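Structure first, commentary second.
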Amino acid sequence: MIEDDADIAYTIRLNLRKEKRYQVEHYVSGLAALAALHEKPFDLVLLDLNLPDIDGLALCRELKRADETRKVPIIMLTARVEERDKLIGFEIGADDYITKPFSMRELLARVHAQLRRAAALEGTEDETFEDGELKVDRGRFEVRLRGERVHLTKKEFDLLWLLIRSRGRVVTRDAILARLWDYDADVETRTVDVHIRSLRRKLGDERIETVVGLGYRYRDGGG
């Protein structure tokens, strides 16, 4: 947990430890947390955006760039309520976003959901996909397009893999939200569009087809 508000940090730590299944380390400094994350493995990061020494968005971007930390789920905690801030957070790799004030019940549910999803992904590390130009290695968290490596955030990677596994079938926005974010169907649907747009920018527009009124479909070989 990277949070400089002592009262919020204490409450979060107390509630997580009550669950009897979490070990929590608390950092006030973003730079100190970054150093710790590179030194030892963590399962999840709770990240406040307003830190005294580094902007939380910059810290998230750094964590998602590094091989040692890019797979670690990040839940952002922030008082920023503008949609623009949320979209920026998702575009640079945040896995979830909670605005203050929030209920501890909601926070615990989202922490559990992210850890459950990460554990499920660990069980299928040998899966690969190749369609001639695009190669996806899930175990290595690696994507190559015509031999060149493409950097994807964890959420972009998970979304691409979901579409690939469902190729030939339409995946609705509601289904994507439920599988990748655990959101209700009517919440934050634009989040999906942001990630689809980013994938198209990196992989080409023709690979992911929009089925108007329904959702998205992956097309082998870009068509």
If contacts are Cα pairs under 8 angstrom and at least 6 residues apart, what is the relative contact order of the chain in percent?
-> 14 percent
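Please sort 167-179, 100-112 by packing, taking for each peptide the average over its residues of neighbouring beta carbons within 10 angstrom, highest first.
Result, highest mean first: 167-179, 100-112.
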For the chain, the longest principal axis of the Cα atoms and the Cα long axis of helix 154-165 enclose an angle in degrees, to the nearest 10, of 30 degrees
With Cα coordinates, the longest principal axis of the chain makes an angle with the long axis of helix 56-65, in degrees rounded to 10, of 50 degrees
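What's the long-distance tail for the stretch 1-160, i.e. % of Cα pairs beyond 28 Å? Working shown, then result.
On the way: 2781 of 12720 pairs.
In whole percent, the long-distance tail amounts to 22.
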State the antiparallel share, in %, of DSSP beta bridges confined to the chain, rounding to the nearest 5.
-> 65 percent
If you rank Asp5, Asp95, Asp205 by how much accessible surface each has, with a 1.4 Å probe, what is the order from largest down?
-> Asp205, Asp5, Asp95
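The values are calculated or read from the model by the stated rules, or taken from the named source; none is laboratory data. Just so you know, these numbers come straight off a predicted model, no measurement behind them. No Cβ is skipped: glycine too gets one built from the backbone with ideal geometry, and neighbour counts run over all protein chains shown. When the accessible area is computed, the model is the full protein with side chains, heavy atoms only, and any ligands, DNA or RNA have been set aside. Shrake-Rupley method; radii C 1.70, N 1.55, O 1.52, S 1.80 Å.
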